[in-house]
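Taking it in order: structure first as structure tokens, then the write-up.
The values are calculated or read from the model by the stated rules, or taken from the named source; none is laboratory data. In this text the structure is predicted, and so the values were computed from the model without any measurement. Reconstructed Cβ throughout: ideal geometry from the backbone, glycine too, with neighbour counts over all protein chains shown.
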Amino acid sequence: MANNAELAAKLLRAASNFFRAVGEQNPELQEQMLTNADACDMIAERVEVDPLGVPSDIENLPTPDQLN
């Protein structure tokens, strides 16, 4: 049985795939969708590697205004 971190990472990766697909079909949204997809991939990786960790490079994380 998967733990919560594994399920969260899987959900984030699915969201990333969704954002990439939306971006491919909507050129006017592509940049924003790629930003969202990259953020989901980054957090999925962090959740898998260190589920209780605190981001050490907060300045490199997308801001809430950048994410939709």
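Here the condition is being under 21 Å from A5 (Cβ atoms), loosely packed, with under 12 Cβ neighbours inside 10 Å and at pLDDT 85 or above; of V49, V54, it holds for V49 alone. Restricting A14, A5, A9 to those that are surrounded by 11 or more Cβ atoms within 10 Å (Cβ to Cβ), assigned to a helix (DSSP H, G or I) and modelled with pLDDT under 95 reduces the list to A5.
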